[in-house]
Structure formats: C-alpha cells, structure tokens
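Structure record follows, encoded as structure tokens.
The values are calculated or read from the model by the stated rules, or taken from the named source; none is laboratory data. Owing to the predicted nature of the structure, the values given are computational and were not obtained by experimental measurement. For neighbour counting, all protein chains shown are included, and Cβ atoms are generated from backbone atoms with ideal geometry for every residue, glycine included. Heads up: the accessible areas ignore ligands, DNA and RNA and are worked out on the full protein's heavy atoms, side chains in. Shrake-Rupley method; radii C 1.70, N 1.55, O 1.52, S 1.80 Å.
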Amino acid sequence: MKLISWNVNGLRAVVSKNAFEWLDEHKPDFLALQEIKAKQDDIPAQMYNLGFSEINSNSAQKAGYSGVMSLSKFQTSCLKSQFFDDTEGRVLEHRFGDIVLFNIYFPNGQKDDERLKHKMDFYAAFLKYCNEILDSGKHVIFCGDVNTAHQEIDLKNPKANSKTSGFLPIERAWIDEVLSNGFIDTFRHFNPDKIDAYSWWSYRFGARAKNVGWRIDYFFVSQGLKDRLKNAFILSDIIGSDHCPVGIEIDI
C-alpha cells in the first residue's frame, strides 16, 4: 500500500495549477493533504473525481487558514481530533484493522512565544494520545507537516537557523522523544545519511531552485510496523506548493 502526504498551501490554488496530475503515475492508496485553506463548501469539485472512494476534511474555523483533507481508496472510521481542542482543523484520525493513521498539520511556532507554547502543548498531547493507542494494542502511523527539522542533516543552513522556530532545541527534542517511544522516522530508516533531501523551500530568494530547504514533512510508524515497511521517499520534483509530497510503501 502506498501512502502519500502533501502540504498543498492552498488547495484551490493547487487545483487551478493542475498540480495533481502526478497521481496517475504514483497511484497512492491514501493521500493526506495539509493546509488546504478551504471550508467544506469551497473544496473544488475536481477533488471528488481523483479516484478515491473515501474523502474526509477538517477545516479551520478561520477562513483561508490551516485545514486537512484525506483521500482514501479503502474504508476507514474517521475522527477529528480526540486529544486537542482543534478549532484550527489540524487533525484527521483514521482507524482500520489494527492501524490508527493520522493526517496532521502540526502548528507553526514562529509567530511568538505564545504560539511556540501552543505548538509544544500540541506535540505533548499528541504523543500522549499515541502512547495510549499503542497501549491498547494497535499500531500507529502519523504523517504530515510536523513543522520541525530534526537534525542538522535535515536543513540546508542549520547554524543560521539554530534560534528559529522549526529548529529550536526544544522542538527537536520532541522528535527525539517520539523516536525514544519506539516510532520510526521512515525516510531516515531507509536513507540514514542522505543529504540535501528536503520537503519545504521558502518562496524567497530562489530557495527551491538552489535546493535551500528543510525536511519538515514526515511519516512516522510505530515499532510494530517496522517489518512491514517497504520504502520511504520524497517526491521533490512535484511542484505546485512550497512543500513537496512525501510517502511510504507499507504492507497493511
């Protein structure tokens, strides 16, 4: 099964650019989109003609902000956030078989200290919830824009960004905690030393053309799924957003 995640930074803009043409080649069974910036009534009709049998969305109360959407070729039981007051439309939780799969647009902490605290509170509540699910005997997959680069290898200019939210020690330590709880960073599992592998580039200064980027979009899987993992990848050639899609192949 192929699962792909993409922060589209505006669903209507991406659709207007015909930026889903790559689906014919890559054929994901599950497509997680973040930052759709659209209410339910504003979702383009084309999204319902992409070959997916189940489509769910969670929009922010604030117009033109945040929001997530999941498209699936298999049936799931879909919930919105069960662990955090989610007025910003950040979470879709999918349950099927022994799997709980999350599509999440994690908060950005760059605005100010209050927003950074919000991000860290969200992180903590989510990991606690994941551990409760694992304790119940189920496996967990979570994907999306985590809004943090983990190690220096995961961004082009680590020293220059050492005091920038998205690469602060406190944010990076949370990913350490995720790994210490048995989760696997799937891309690094298959590509432990790969450099210049990014999923987001600023629109400024020609960053994407120069590949001055950050790897802030992830698939994590719990330890019990390690032997089912087949591949993890970044589709850096796909344009239409300041992020590119990332994905995994896994037997589930």
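Worth a mention:
- Counted residues, the range 166-195 - those being assigned to a loop (DSSP other than H, G, I, E, B), in contact with a strand residue (DSSP E or B) (Cβ under 8 Å, 6 or more places away or on another chain) and surrounded by fewer than 19 Cβ atoms within 10 Å (Cβ to Cβ): 1
- All of (1) in a loop (DSSP other than H, G, I, E, B); (2) touching a Leu at 6+ places or on another chain (Cβ under 7 Å); (3) free of Cβ contacts under 8 Å to residues at least 40 places away in the same chain hold for Pro28 with one exception: (3).
- From the options Lys159, Lys163, residue that is of a type outside the set (Asp, Glu), over 27 Å from Tyr65 (Cα atoms) and exposed (fewer than 14 other Cβ atoms within 10 Å of the Cβ): Lys159
- Residues of the range 208-229 classified as open to solvent by 10 Å² or more (accessible area, probe 1.4 Å) and out of contact with any helix residue (DSSP H, G or I) (no Cβ under 9 Å at 6 or more places or on another chain), total: 7
- Unmet criterion (only one of (1) touching a strand residue (DSSP E or B) at 6+ places or on another chain (Cβ under 9 Å); (2) in a loop (DSSP other than H, G, I, E, B); (3) touching a residue at least 12 places away in the same chain (Cβ under 8 Å)) for Ile239: (1)
- Residue that is nearest to the chain's Cα centre (by Cα), among those in the range 192-244 that are among the aliphatic types (A, V, I, L, M) and within 15 Å of Ala149 (Cα to Cα): Ile216
- Filter result for Asp154 (in contact with a Phe, Trp or Tyr (Cβ under 6 Å, 6 or more places away or on another chain) and surrounded by 14 or more Cβ atoms within 10 Å (Cβ to Cβ)): no
- Those strands (runs of 3 or more DSSP E) lying entirely in the range 75-136 with at least 3 residues crowded, with 19+ Cβ neighbours inside 10 Å: 91-96, 99-105
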